[in-house]
Amino acid sequence: MGIISRKIFPACESMCVCCPALRSRSRQPVKRYKKLLSEIFPKSPGAPPNERKITKLCEYAARNPFRIPKIAKYLEERCYKELRYKHVKFINIVTEAYNKLLCMCKEQMAYFAVNLLNVVSELLDNSKQEATQILGCQTLTKFIYSQADGTYTHNIEKFVHKVCKLAHEDGEEHLRSCLRASSLQCLSAMVWFMAQYPYIFSALDEIVHATLDNYELDTHAEDDDDRGEPHRNWVDEVVRCEGRGATVACDASPSNMIIRPQPEKKDPSLLTREEIETPKVWAQICIQRMVELAKESTTLRLVVDPMFVYFDSRQHWVSQQGLAMVVLSDMSYWEASGNRQLVLAAVVRHLDHKNVAHDPQLKSYIIQVAAALARQIRSRRMLAEIGFVSDLCRHLSKSFQATLESVGEQDTNLNILLQNSIEDCLLEIAKGIDDVRSLFNMMAISLEKLPSSGSVARATVGSVMVLAHMISLALVTSRSQQVFPEALHVQLMKAMLHPNLEVRVGAHQIFSALLIPSSFRPRHEVASLCSGNVYEPRRWRSNNFSAFASISVLLEKLRREKDGIKREKNGFNIHDDLKGKANMEDGRNQGHVHRSSQNIYNITSIIDRAAGPNMIEEPYIMKLTEDQIMQLLSAFWIQATLPDNLPSNIEAISHSFVLTLISLCLKNVNDNLVVRFFQLPLSLKNTSLDLSNGMLTPVLQRSILMLSMSMLMFAAKIYQIPNLNDLIKSIVPFDADPYLGISEDIQVFVRPEADVRGYGSVTESQHASSLLFELPDKIYKYENAMMDVLVQNLSAITELGMDDLRKQLLEPFTPDDAFTFGPQSIFDLDHHQMITYSKESLSFDEMQEVKHLFFTIPASIPKCLHPLPSLM
């Protein structure tokens with residue numbers, strides 16, 4: 001019948017519509033999809049959806065893909081209809097049907113993708129009903145996960161703004177919370193899509209901001225605060241002790257160095273129903289997937305830059321439990337082990353952003369976060385890529401310079417907070433460094449570019465000094481033996497001859513920090529800048545031993561190897577020395593002022609320290625080659641005879657001489673080098689007593705005399721020549737110079753009560769001239785006796801004969817031939833430049849007596865080292 005109706009009576013089919021006999025049974029499957037579509041919707045709005053019918057419809061569509069466009073079109077139109085009538089359950093059935101199509105007809109997605117996206121757009125735009133918006137987010141999420149390639153990339157990208165807007169919805173109602181959770185779930189799918197099919201949406205910053213708006217802090221943050229209270233930050237302590245104002249003290253976070261525990265990584269497929277409806281869970285998943293997206297520095301920057309702008313504008317950098325610290329810490333934990341340092345480097349790089357560049361307080365908060373990240377990273381593995389250290393040093397130098405130029409107390413306090421934060425950060429980085437050679441190169445480059453300008457040079461040296469202390473801590477921790485880097489050694493000696501007086505002192509302090517590192521943090525060289533002096537000491541309390549106290553272990557070991565543990569004769573008894581040390585401690589406890597330098601460490605009982613069961617651990621010490629030691633002695637000679645020296649320069653030279661001599665004693669060297677350590681102070685003594693020397697002021701000659709005596713006495717004590725020290729003490733009184741003294745451990749120090757503004761004045765020049773006029777006869781009277789004692793004892797130490805020793809000791813000290821960089825660093829400046837830099841480097845404003853200083857080349861410097869004929 002069907003064949004007849006189609007072939008013989010084709011017109012009957014359309015005309016006799018009521019005739020069952022003429023209806024073609026073969027044409028019934030053509031309209032079956034309509035029947036299936038009608039069956040998926042219940043007759044009453046309150047009835048649940050029929051899952052079996054929806055599945056049957058999708059199976060039919062999979063078998064008949066050419067019917068999918070009509071099915072998708074019908075579902076789209078039905079959705080619009082139900083939206084008008086606000087039938088949410090029918091809309092839910094439409095979205096379920098689309099979801100089934102995505103699952104069962106993935107290969108035929110092109111047939112219904114446009115209709116689905118139109119439905120999603122309508123659902124998201126329906127702001128009157130949160131339930132329909134939730135359905136739109138869920139449908140779009142499933143559509144994204146169903147993608148097999150990047151065909152619909154731009155279609156998905158168009159929904160970013162709408163979904164992000166939903167993620168910002170306010171309100172604590174359950175439905176609003178579910179809406180935010182669904183939108184964040186959709187955003188996490190978008191981030192997954194960008195990582196899966198490499199393409200970065202232009203509105204990625206909107207995704208980041210929407211995620212951070214819902215990234216809630218951990219509930220154990222308050223517990224961390226309680227645990228961190230006893231661990232007071234040293235910045236807070238220093239500021240509080242020095243009374244620099246409550247602003248800085250309150251800003252320092254005591255718990256900044258507490259390592260945040262690693263959070264649990266969320267798996268979207270294992271979430272409970274409660275977690276699925278929680279926005280902060282999906283915000284965490286978004287961050288996890290952003291970490292997966294940021295596999296290289298370029299994509300990481302695209303992710304973290306909008307984060308940093310968000311933190312800047314909403315002040316999330318402030319505390320240890322702030323959003324910035326929490327998010328970046330979580331990212332560091334979830335980041336691949338090789339990429340964890342990229343987060344830290346990005347944080348440091350953000351210091352140059354326009355939002356931060358001119359705000360020292362905000363900078364300090366950011367650096368505190370960076371320090372906590374460095375501590376967290378190094379707790380798991382060593383830091384390998386440390387290029388961002390140079391950026392930190394650059395900001396530290398700028399902060400030093402800003403402090404020097406600032407006039408307000410508040411600006412000064414903010415800069416001090418910034419400097420302390422950078423030092424903390426560098427410390428954490430230094431503790432995680434395995435190989436510090438790259439840092440040595442960085443320091444050498446900074447010193448090589450050292451400008452001649454006073455304030456800039458002082459700030460640069462201050463930043464390098466901080467880095468030197470941090471490196472010293474790394475060396476102490478690693479205990480890996482290092483030879484003093486040659487490039488840095490050369491640049492340090494150039495800095496020791498810089499026109500600026502304080503730069504010279506800073507170069508000596510850098511040398512000290514690196515040569516014999518300390519196991520604690522000696523910050524008094526680079527701390528307070530409030531007085532305008534980069535190297536003004538910070539009153540830092542510590543019960544730790546000095547770095548030099550531990551050197552006594554090495555010297556005691558050396559002594560035992562030579563002749564066993566024995567008591568020294570002529571007043572150098574070990575127990576007497578310890579008793580003296582105890583008396584010094586008692587005096588200090590009773591309020592007496594200990595005669596020590598504010599700029600240089602005290603060497604307390606450096607040699608005569610009893611060996612006992614409680615001996616401290618042998619300290620780390622860098623090795624100096626013989627050539628480096630020879631060049632250092634040449635540098636000391638030229639520095640000591642510079643006519644613009646102040647007491648602090650003499651003190652620094654003495655300290656570096658002591659350290660160099662100690663490093664010499666810990667290695668086997670040739671005998672001639674040992675003799676040079678005695679030849680240098682003897683020649684300085686002769687220079688100081690030369691009354692016909694018109695190139696040095698009498699006040700400076702008196703200071704050089706104190707320097708030479710301390711050098712000679714310390715060398716004698718190191719090589720156990722006590723008779724010489726007794727002889728020197730009877731000739732030159734230690735209180736001969738009102739500006740410089742010689743401490744109990746035979747080291748030159750600047751007297752704390754001395755007013756350096758009077759150094760070089762007419763009155764002081766008269767007093768110094770009187771002393772220098774009386775001393776030569778007294779010294780020359782004992783000259784032969786001193787020489788006999790030296791020759792006799794040195795002949796036992798070295799293999800040189802007495803005649804050779806006497807001849808070498810009587811010869812004037814001349815710089816080493818290899819010391820060729822000195823003139824290029826100091827003597828290529830004319831007299832007017834030197835006077836300008838010297839005035840600028842002084843830490844006081846009224847130096848009326850500077851005209852009494854003579855800026856000329858010492859006659860003892862060989863003519864071969866004079867670079868300009870006009871200076872010869």
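The values are calculated or read from the model by the stated rules, or taken from the named source; none is laboratory data. Predicted model only: the values in this text are computed from it and were never measured. Glycine also receives a Cβ, built like all others from the backbone with ideal geometry; neighbour counts cover every protein chain displayed. Please note that ligands, DNA and RNA were not included when accessible areas were found on the heavy atoms of the full protein model with its side chains. Shrake-Rupley method; radii C 1.70, N 1.55, O 1.52, S 1.80 Å.
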Within segment 670-680, is even one residue in contact with an Asp or Glu (Cβ under 9 Å, 6 or more places away or on another chain) and of a type in the set (Asp, Glu)?
yes
Residues in segment 296-322 that are over 14 Å from Ile200 (Cα atoms), among the hydrophobic types (A, V, I, L, M, F, W, C) and open to solvent by 10 Å² or more (accessible area, probe 1.4 Å) total 2
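Yes or no, residue by residue, for (1) over 24 Å from Leu691 (Cα atoms); (2) open to solvent by 100 Å² or more (accessible area, probe 1.4 Å); (3) in a loop (DSSP other than H, G, I, E, B); (4) at pLDDT below 90:
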| position | (1), (2), (3), (4) |
| --- | --- |
| Gly760 | no, no, yes, yes |
| Ser770 | no, no, no, yes |
| Thr820 | yes, no, yes, yes |
| Glu846 | yes, yes, yes, yes |
| Pro867 | yes, no, yes, yes |
Expected single match for touching a Lys or Arg at 6+ places or on another chain (Cβ under 9 Å), modelled with pLDDT of 90 or more and within 21 Å of Phe677 (Cα to Cα) among Leu712, Leu740 is Leu712
Would you pick out the residues in segment 778-797 that are farther than 16 Å from Met709 by Cβ and open to solvent by less than 10 Å² (accessible area, probe 1.4 Å)?
Val791, Leu794
What do you reckon, is Gln361 open to solvent by 30 Å² or more (accessible area, probe 1.4 Å) and either of a type in the set (Lys, Arg) or in contact (Cβ under 8 Å) with a residue 12 or more places away in the chain (or both)?
yes
Report, by residue number, each residue of segment 664-679 that is open to solvent by less than 10 Å² (accessible area, probe 1.4 Å), under 40 Å from the mean Cα position of the chain (by Cα) and in contact (Cβ under 8 Å) with a residue 60 or more places away in the chain.
none
Residues of segment 617-663 being open to solvent by 10 Å² or more (accessible area, probe 1.4 Å), assigned to a loop (DSSP other than H, G, I, E, B) and acidic (Asp, Glu), in sequence order, are Glu617, Glu618
Residue within segment 730-748 that is in a helix (DSSP H, G or I) and within 30 Å of Leu794 (Cβ to Cβ) present:
yes
Over segment 352-397, the set of residues part of a helix (DSSP H, G or I) and over 12 Å from the mean Cα position of the chain (by Cα) is Asp352, Pro360, Gln361, Leu362, Lys363, Tyr365, Gln376, Ile377, Arg378, Ser397
Odd one out for Met104, checked against (1) open to solvent by less than 90 Å² (accessible area, probe 1.4 Å); (2) closer than 20 Å to Thr132 by Cβ
(2)
If you scan segment 271-307, which residues turn out to be within 30 Å of the chain's Cα centre (by Cα) and polar (S, T, N, Q)?
Gln284, Gln288, Ser297, Thr298, Thr299
Pairs under 9 Å by beta carbon, first residue in the same structural domain as Val94 (by the TED database) in segment 133-147, partner assigned to a loop (DSSP other than H, G, I, E, B) and of a type in the set (Gly, Ala, Ser), six or more apart or different chains?
Gln133/Ser127
Taking segment 400-431, which residues are among the small types (Gly, Ala, Ser) and crowded, with 21+ Cβ neighbours inside 10 Å?
Ser421, Ala430
Name, by its number, the condition in (1) open to solvent by less than 30 Å² (accessible area, probe 1.4 Å); (2) touching a helix residue (DSSP H, G or I) at 6+ places or on another chain (Cβ under 7 Å) that does not hold for Ala62.
(1)
Scanning segment 482-520 residue by residue, those touching a helix residue (DSSP H, G or I) at 6+ places or on another chain (Cβ under 7 Å) and modelled with pLDDT under 50 turn out to be Ser519
Go through segment 458-473 and give me each residue that's touching a residue at least 60 places away in the same chain (Cβ under 8 Å) and closer than 20 Å to Gly387 by Cβ.
Thr460, Ser463, Val464, Val466, Leu467
From the set of residues in segment 65-89 that are of a type in the set (Lys, Arg) and part of a helix (DSSP H, G or I), which is most open to solvent (accessible area, probe 1.4 Å)?
Arg84
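State whether one or more residues within segment 283-295 are of a type in the set (A, V, I, L, M, F, W, C) and open to solvent by 30 Å² or more (accessible area, probe 1.4 Å).
Scanning segment 283-295 turns up no residue that is of a type in the set (A, V, I, L, M, F, W, C) and open to solvent by 30 Å² or more (accessible area, probe 1.4 Å).
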Pick from segment 183-206 the residues that are open to solvent by less than 10 Å² (accessible area, probe 1.4 Å) and touching a Cys at 6+ places or on another chain (Cβ under 7 Å): which of them is farthest from Gln133 (Cα to Cα)?
Val191
Could you tell me whether segment 487-499 includes any residue that is without any contact (Cβ under 8 Å) to a residue 12 or more places away in the chain and surrounded by fewer than 21 Cβ atoms within 10 Å (Cβ to Cβ)?
no
Cβ-Cβ under 9 Å, sequence separation 6+ or interchain: first residue in segment 760-787 and aromatic (Phe, Trp, Tyr), partner surrounded by fewer than 16 Cβ atoms within 10 Å (Cβ to Cβ) and not in a helix (DSSP H, G or I). Which pairs?
Phe773/Leu691
Within segment 168-216, which residues are in contact with a Phe, Trp or Tyr (Cβ under 9 Å, 6 or more places away or on another chain), farther than 14 Å from Ala283 by Cα and either of a type in the set (S, T, N, Q) or assigned to a helix (DSSP H, G or I) (or both)?
Phe193, Met194, Asp205
When you go through (1) open to solvent by 40 Å² or more (accessible area, probe 1.4 Å); (2) over 30 Å from Leu501 (Cα atoms) one by one for Pro738, which number turns out not to apply?
(2)
Counted residues in segment 112-153 being assigned to a loop (DSSP other than H, G, I, E, B), over 21 Å from Ile68 (Cβ atoms) and not basic (Lys, Arg) come to 4
